[in-house]
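Colleague: One structure follows; several queries about it will come next.
The values are calculated or read from the model by the stated rules, or taken from the named source; none is laboratory data. Remember, predicted model here, so these are calculated numbers, not experimental data. Note that we place each Cβ from the backbone using ideal geometry, even for glycine, and neighbour counts take in every protein chain shown. For the accessible areas, the whole protein counts, side chains as well, though only heavy atoms, and no ligand, DNA or RNA atoms are used. Shrake-Rupley method; radii C 1.70, N 1.55, O 1.52, S 1.80 Å.
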Amino acid sequence: MFGVRVSVLCYLLALVSMTSGTAEEENPEFWRSSAQNTLRSALGRTLNTNVAKNIVLFLGDGMGVTTITAARILKGQLQKRSGEETVMNMDTFPYVGLAKVYSVDFQIPDSAATATAYLCGVKTNLNTVGLSAAARSGVCRSQKGNEVTSILKWAKDAGKSVGIVTTTRVQHATPAATYAHSVSRTWYSDADLPASAVTEGCMDIASQLLRNTDIDVIIGGGRKYMTPKGFPDPEYPEDLSAQGQRKDNRNLIDEWLSMKEGKVARYVWNKTDFDAVDPEKTDYLMALFEPGDLRFDAERDHSMDPSISETTEKAIQILKKNPKGFFLLVEGGRIDQGHHDGRASMALHEAVAFDEAVARGLELTNEEETLTVVTADHSHAFSFNGYPFRGNSILGKSPIFASDFLPYTTLMYGNGPGHKIVNNKRPDIRNVDTADKDYVQQSAVPLESETHGGEDVALFARGPMAHLFQGVYEQNYIAHAMAYTACVGANQQHCGVTAQAHKMSYTTIHQGSSAPDMPLCAITTVMLSALMSVLLH
């Protein structure tokens, strides 16, 4: 049997060698030239040692390296190309690192623990947001005194404008870690609080959205956690599941608007009103497009809900008016949910849409003053396998059947809802469209919801001090490095005059030049000042 499979493989390899690739790729000079161009680009790279005026953090929830690779190929194939050679927008970033994602109590984390790490700079336990690991999941009394703040708050305290954009509900784990402190990531509204939590004084996440930090731009879903129980949803008035859930009878949307007296604050829930928002005349924006999470991009009603690129654009346009700069978190949150459903097509289309938002963010900002970071919180039990031909649909099947004489898809899951063994046989998918958005990939272990993965995640950085993100590091380092680049939070010793000294000393030492008309004694003084600041701090 093994010999038969080898013979088939050899035949297929011979066949594909006659049909794959291009004539130029068969010429070794093509690859040598390509490598030399990459080398020249790397050699010509200079460090940007500016202090970051702005920070834009793009967080692909569940966007592990396998997801990035598969999304890259899908992006190219959607453009009628082979796909493998495609360049994602995030691929163009000059600095790349790896973050270790384990939480304090689990080898493989959730989005709450990871968000607390890369936003608050502290690793914590599963299910908790904005708290140190001294807090216990679901135990309200363990919360007091263990709160930790995020880089969003550090930026706001420094006078910058701040915002969150997500494709999930704005009370979900990732955005919640920017402003909330909760021993349970699922306490979205007061209706979710157990009686003991109410007695012990814990507050739901939606309430904390108003109370804890003054956030200039809030875009995502989550209307039903903001309105009284039974309050009809404006878009789905007959849908009982879309109605408000709050037991305290508060309308947090109205309260948010009333808190902005003297400022131009807008609340919108549909694309028409969103498009009508003039960034130049808007101080605050809350846009909640769904009762819960937003629709997958492949199912989005384009007349009602904007894309993640459009919401990113509006957020930046509003925030960039602040002369002191801004911090913005943009989350592609439904990449994760597509994976949990075992639907690779849905997850990858979300990742492609997310990468388009990265492009829009780069177009609207200046690399000299804006640090842009793209990363993930964790990966998934997601594999890219088999021996598909070059250009084979990334959502398609391997050309070589398995030992049970049945085909299998290039993309599969280690666990999840796609485990469908009947009479000790896998499903026959020869006549199944595996590229369909609702197709559930096969998995090895039966679970209702596919799980996260625990391997390191990639981080891409460009802009001021982006070189700080090279190497392998703990995930909580990310918050501290971002804060350092913008002179917010704890690391202030290099800011102001010292930051200029650092920049001048770097230029003098590494580029062999000095500022125009600057005397040698002044250069020496600047270099000594920079050196002393390092020694004294």
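Colleague: Looking only at region 157-176, count how many residues are of a type outside the set (A, V, I, L, M), crowded, with 24+ Cβ neighbours inside 10 Å and either touching a residue at least 60 places away in the same chain (Cβ under 8 Å) or farther than 20 Å from Asp110 by Cβ (or both).
Modeller: Here is the first cut: in region 157-176, the ones of a type outside the set (A, V, I, L, M) are 157, 159-161, 163, 166-169, 171-172, 174-175.
Now restrict to residues that are crowded, with 24+ Cβ neighbours inside 10 Å: 161, 163, 166-169, 171-172, 174-175.
Within this subset, residues satisfying the condition of being either touching a residue at least 60 places away in the same chain (Cβ under 8 Å) or farther than 20 Å from Asp110 by Cβ (or both) are 161, 163, 166-169, 172, 174-175.
So the answer is 9.
Colleague: Could you tell me which of the residues Asp275, Asp239 is more than 30 Å from Leu364 (Cα to Cα) and either surrounded by fewer than 22 Cβ atoms within 10 Å (Cβ to Cβ) or touching a residue at least 60 places away in the same chain (Cβ under 8 Å) (or both)?
Modeller: Asp239
Colleague: Being closer than 27 Å to Gly230 by Cβ and either open to solvent by 10 Å² or more (accessible area, probe 1.4 Å) or at pLDDT 95 or above (or both) is the requirement here; does Asn270 meet it? Lay out the reasoning, then the answer.
Modeller: On the way: closer than 27 Å to Gly230 by Cβ: yes; either open to solvent by 10 Å² or more (accessible area, probe 1.4 Å) or at pLDDT 95 or above (or both): yes.
Answer is yes for this residue.
Colleague: Specify which of the listed residues (Gly391, Gly414, Gly386) is surrounded by fewer than 20 Cβ atoms within 10 Å (Cβ to Cβ) and assigned to a strand (DSSP E or B).
Modeller: Gly414
Colleague: Here is a further query. Please find, among Ala344, Ala351, the residue that is at pLDDT 95 or above, closer than 30 Å to Asp438 by Cβ, over 16 Å from the mean Cα position of the chain (by Cα) and crowded, with 24+ Cβ neighbours inside 10 Å.
Modeller: Values: Ala351 fails: over 16 Å from the mean Cα position of the chain (by Cα).
Exactly one residue qualifies, and that residue is Ala344.
Colleague: Then there is this: Out of region 73-93, which residues are buried (at least 18 other Cβ atoms within 10 Å of the Cβ), under 23 Å from Leu371 (Cα atoms) and of a type outside the set (A, V, I, L, M)?
Modeller: Answer for region 73-93, where residues must be buried (at least 18 other Cβ atoms within 10 Å of the Cβ), under 23 Å from Leu371 (Cα atoms) and of a type outside the set (A, V, I, L, M): Asn89, Phe93.
Colleague: What's the number of the condition Glu455 fails, among (1) part of a strand (DSSP E or B); (2) in contact (Cβ under 8 Å) with a residue 60 or more places away in the chain; (3) open to solvent by 20 Å² or more (accessible area, probe 1.4 Å); (4) under 23 Å from His349 (Cα atoms)?
Modeller: Result: Glu455 fails condition (1) only.
Colleague: Give region 177-217 a look and list any residue that's open to solvent by less than 10 Å² (accessible area, probe 1.4 Å) and aromatic (Phe, Trp, Tyr), or say none.
Modeller: Selection gives Tyr179 alone.
Colleague: Identify all residues within region 362-383 that are over 13 Å from the mean Cα position of the chain (by Cα) and in contact (Cβ under 8 Å) with a residue 60 or more places away in the chain; write none if there are none.
Modeller: Selection gives Leu362, Thr365, Glu367, Glu368, Glu369, Thr370, Leu371, His380, Ala381, Phe382, Ser383.
Colleague: On to the next question. Is it the case that some residue within region 249-260 is crowded, with 21+ Cβ neighbours inside 10 Å and not β-branched (Val, Ile, Thr)?
Modeller: yes
Colleague: Quick check on my filter: what residues within region 94-146 are open to solvent by 40 Å² or more (accessible area, probe 1.4 Å), touching a residue at least 24 places away in the same chain (Cβ under 8 Å), over 27 Å from Arg462 (Cα atoms) and of a type in the set (A, V, I, L, M, F, W, C)?
Modeller: Val104, Ile108, Val139
Colleague: Continuing with this model, one more query. Condition check: hydroxyl-bearing (Ser, Thr, Tyr), open to solvent by 70 Å² or more (accessible area, probe 1.4 Å) and either modelled with pLDDT of 90 or more or within 28 Å of Asn392 (Cα to Cα) (or both). Does Thr22 satisfy that? Don't jump to the end; show me each part of the working.
Modeller: Values: hydroxyl-bearing (Ser, Thr, Tyr): yes; open to solvent by 70 Å² or more (accessible area, probe 1.4 Å): no; either modelled with pLDDT of 90 or more or within 28 Å of Asn392 (Cα to Cα) (or both): yes.
Considered against the rule, which asks whether it is hydroxyl-bearing (Ser, Thr, Tyr), open to solvent by 70 Å² or more (accessible area, probe 1.4 Å) and either modelled with pLDDT of 90 or more or within 28 Å of Asn392 (Cα to Cα) (or both), Thr22 comes out as no.
Colleague: Tell me, yes or no, whether region 191-208 has at least one residue that is of a type in the set (D, E, K, R), free of Cβ contacts under 8 Å to residues at least 60 places away in the same chain and farther than 26 Å from Asp336 by Cβ.
Modeller: no
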